[in-house]
Amino acid sequence: MTAVKMSQITRVLIEGDPGLLARLCGQVERSYEVRTVRQPEKSLVMSKARDSVSRQPFFMGEILVTECTVEIGEVYGFGVLMGEDAERAYQLAVVDAALHAKLPITESWTALLFEEEQNIAQRHRKEHNQAMKSKVNFDTMEEYNAKR
């Protein structure tokens, strides 16, 4: 992948169409031997935040995640996502291992991931526009109340 961060790829795979993740995982499984090192399991992780006034970090609470570890050849892949979804955690781990191993099959994924990233951005814009339609204009309400 050319100058694309793994965090960006993971975000696209988690937020995007679950079918894309399943297809990429299937491509790897058909061509390579995938060994599950650690079965998908639920865990709790602490969520860290920063106080807006003091700028000091603090732990907000626990988040339920599902995590999985696989191996392709000598390369490990790790999948973790919020919530309970063992299948997607496994799929993320397989794709992660394939990308870290720089398997030839991954070279065709760049365009697919870019297209999915565009779909996510479009969906976010649509959601934002929907939210803005319901936005209350308090200046207008103030003017309305002043006329009474």
- [ ] Output the number of residues of segment 1-44 satisfying the condition of being closer than 19 Å to GLU107 by Cβ, loosely packed, with under 13 Cβ neighbours inside 10 Å and touching a Ser or Thr at 6+ places or on another chain (Cβ under 8 Å).
- [x] 1
- [ ] Can you run down the residue pairs with Cβ atoms below 7 Å, 6 or more apart or on separate chains, where the first is in segment 82-110 and over 13 Å from ARG23 (Cα atoms) and the partner is polar (S, T, N, Q) and assigned to a loop (DSSP other than H, G, I, E, B)?
- [x] THR110/THR2
Open item on the list: The conditions are (1) under 28 Å from HIS124 (Cβ atoms); (2) among the charged types (D, E, K, R); (3) in contact with an Asp or Glu (Cβ under 9 Å, 6 or more places away or on another chain), and ARG35 fails exactly one of them. Which is it?
Closed with: (1)
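Every residue, every condition in (1) at pLDDT 90 or above; (2) closer than 14 Å to GLU87 by Cα; (3) acidic (Asp, Glu), yes or no:
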| position | (1), (2), (3) |
| --- | --- |
| MET1 | no, no, no |
| VAL12 | yes, no, no |
| GLY16 | yes, no, no |
| ALA22 | yes, yes, no |
| VAL28 | yes, no, no |
| GLU33 | yes, no, yes |
| LYS42 | yes, yes, no |
Task: Unmet requirement for LEU81, which otherwise passes all of (1) under 26 Å from ASN119 (Cβ atoms); (2) exposed (fewer than 13 other Cβ atoms within 10 Å of the Cβ) - done: (2)
Open item on the list: Checking SER47 against (1) of a type in the set (Ser, Thr, Tyr); (2) surrounded by fewer than 13 Cβ atoms within 10 Å (Cβ to Cβ); (3) within 26 Å of LEU113 (Cα to Cα): exactly one of these is not met. Which one?
Closed with: (3)
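The values are calculated or read from the model by the stated rules, or taken from the named source; none is laboratory data. Just so it is clear, the model here is predicted, and its values are computed rather than measured. All Cβ positions, even for glycine, are placed from backbone atoms using ideal geometry, and neighbour counts span all protein chains on display.
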